[in-house]
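Taking it in order: structure first as structure tokens, then the write-up.
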Amino acid sequence: MMRNNLVFDSFDDALKEYAKENKVPIILDEGLSFLINIIKVSKTKKILEIGSAIGYSAIEIVKNTDSYVDTIERNLDMYNEAKKNIALANLNDKINIYNVDALESFDLFKHKKYDLIFIDAAKAQYKKFFQEFEILLNDNGIIICDNMNFHNLVNGNLDDMSRSLRGLVRKLSEFEAWLLENDKYLSSIYDIGDGMSISIKKE
């Protein structure tokens with residue numbers, strides 16, 4: 001089955017249904033298609049994903065590209081679910097999953113290099129994730145962040161939001177501004193899926 005140039009089967013649909021039923025946020029189809037096209041065009045081979053959830057995006061990336069993925073998940077339940085799904089997809093040889101807090105795990109990855117880093121974890125921590133792991137990028141490497149629009153709330157009325165939600169939206173907005181002003185990268189924000197940023201490391 002093909003949708004948006006991606007390969008889907010009953011297993012993929014089962015993962016999406018599980019995510020829906022259990023209220024697990026996963027990347028939208030449009031965003032996934034966009035991400036995979038970037039990986040293909042840039043001929044990316046090694047990817048670090050921050051935020052595995054149930055393993056859906058890592059599985060789809062590997063099934064649709066010639067890439068290997070290291071993925072980090074802090075939540076033990078999500079980690080166990082992702083680990084099970086990766087095994088069911090027969091992708092243990094191409095996906096390595098780590099049950100650690102990304103902001104406390106740099107030593108596990110400091111000797112590695114990646115062509116692309118995909119950030120899809122705690123939105124309020126995006127800047128910290130970016131700064132912590134950017135040193136692992138190869139020359140001309142790419143960092144992609146999902147949920148930059150955060151369900152269209154980033155440009156919404158802050159007065160209509162709870163205090164905690166306002167704080168998260170402000171942090172995302174501040175991160176976006178910081179990203180666009182960071183002269184080490186060529187960054188763009190795209191209104192695709194739930195909003196995606198692409199930052200290409202300058203030489």
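How do 148, 78 stack up against each other in accessible area, from largest to smallest, with a 1.4 angstrom probe?
Per-residue accessible area, sorted high to low, gives 78, 148.
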Option label - percent of Cα pairs over 24 Å apart computed here, alternatives [x] 38; [y] 48; [z] 33: [x]
Solvent exposure ordering (accessible area, 1.4 Å, most first) of 190, 68, 56: 68, 190, 56
Within the accessible area of the chain (1.4 Å probe), percent carbon and sulfur: 49
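If the limit is 27 Å between Cα atoms, which of 84/128; 63/128; 84/123; 84/127; 128/184 go over it?
Details: 84/128 29 Å; 63/128 29 Å; 84/123 25 Å; 84/127 30 Å; 128/184 16 Å.
Long pairs (Cα-Cα over 27 Å): 84/128; 63/128; 84/127.
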Modelled FRET efficiency - R0 41 Å, residue 111 with residue 30, Cβ distances, 0.05 increments: 0.70
Accessible surface, per residue, of the chain when the full set of protein chains is kept, probe 1.4 Å, Å²: 52
Proximal charge balance of residue 144 [Cβ under 11 Å; K/R count +1, D/E count -1]: -3
Potential lengthening between residue 23 and residue 171 on full extension [0.36 nm per residue; Cα-Cα distance subtracted]: 51.0 nm
Amide proton proximity set for residue 96, modelled H, under 5 Å, gap of 5+: 69, 70, 71
Backbone HN-Hα couplings from phi across the range 194-203 [Karplus 6.51/-1.76/1.60, Hz, Gly and Pro as x]: 9, x, 9, 9, 10, 10, 9, 5, 7, 6
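The values are calculated or read from the model by the stated rules, or taken from the named source; none is laboratory data. Worth saying up front: this structure is predicted, and the values here are computed from it rather than measured. Cβ atoms come from the backbone with ideal geometry, glycine included; neighbour counts cover every protein chain shown. These area figures cover heavy atoms from the full protein model, side chains too; ligands, DNA and RNA do not enter into them. Shrake-Rupley method; radii C 1.70, N 1.55, O 1.52, S 1.80 Å.
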